[in-house]
Amino acid sequence: MRLLVNGSSIGVAQMGPDFLLVDAPINHPPGNASLVLQVDQIERRWDVHLPEGISAASKRVAIAASL
């Protein structure tokens, strides 16, 4: 899994119903992103909203349905 945000691809270690745990967090303001899940050759994408943005100090990222 990975999170695509503003041209950056961030690895996702775990996904919950309203959060992600990312491998290497970066600072990014609130906004929209895409979550990509690839299993074998099948890829699925979801648009998500990052209501609190991303903080380089925390691997936990809040997500919500895209606005």
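The values are calculated or read from the model by the stated rules, or taken from the named source; none is laboratory data. Everything numeric in this text was worked out from a predicted model, so none of it was measured. Here Cβ is always computed from backbone atoms with ideal geometry, including for glycine, and neighbour counts include all displayed protein chains.
Every residue, every condition in (1) in contact with a Cys (Cβ under 7 Å, 6 or more places away or on another chain); (2) at pLDDT below 95; (3) among the charged types (D, E, K, R), yes or no:
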{"site": "I10", "(1), (2), (3)": "no, no, no"}
{"site": "F19", "(1), (2), (3)": "no, no, no"}
{"site": "Q38", "(1), (2), (3)": "no, yes, no"}
{"site": "Q41", "(1), (2), (3)": "no, yes, no"}
{"site": "E52", "(1), (2), (3)": "no, no, yes"}
{"site": "A64", "(1), (2), (3)": "no, no, no"}
>> Here are the criteria: (1) in contact (Cβ under 8 Å) with a residue 24 or more places away in the chain; (2) in contact with an Asp or Glu (Cβ under 8 Å, 6 or more places away or on another chain); (3) surrounded by 13 or more Cβ atoms within 10 Å (Cβ to Cβ). Tell me which single one V12 does not satisfy.
In response: (1)
> Out of the range 39-48, which residues are within 14 Å of the chain's Cα centre (by Cα) and under 19 Å from Q14 (Cβ atoms)?
Replying inline: R44, R45, W46, V48
> Which residues, taken from the range 27-57, are of a type outside the set (G, A, S), surrounded by fewer than 13 Cβ atoms within 10 Å (Cβ to Cβ) and either in contact with a Gly (Cβ under 8 Å, 6 or more places away or on another chain) or assigned to a loop (DSSP other than H, G, I, E, B) (or both)?
Replying inline: N27, P29, P30, D40, Q41
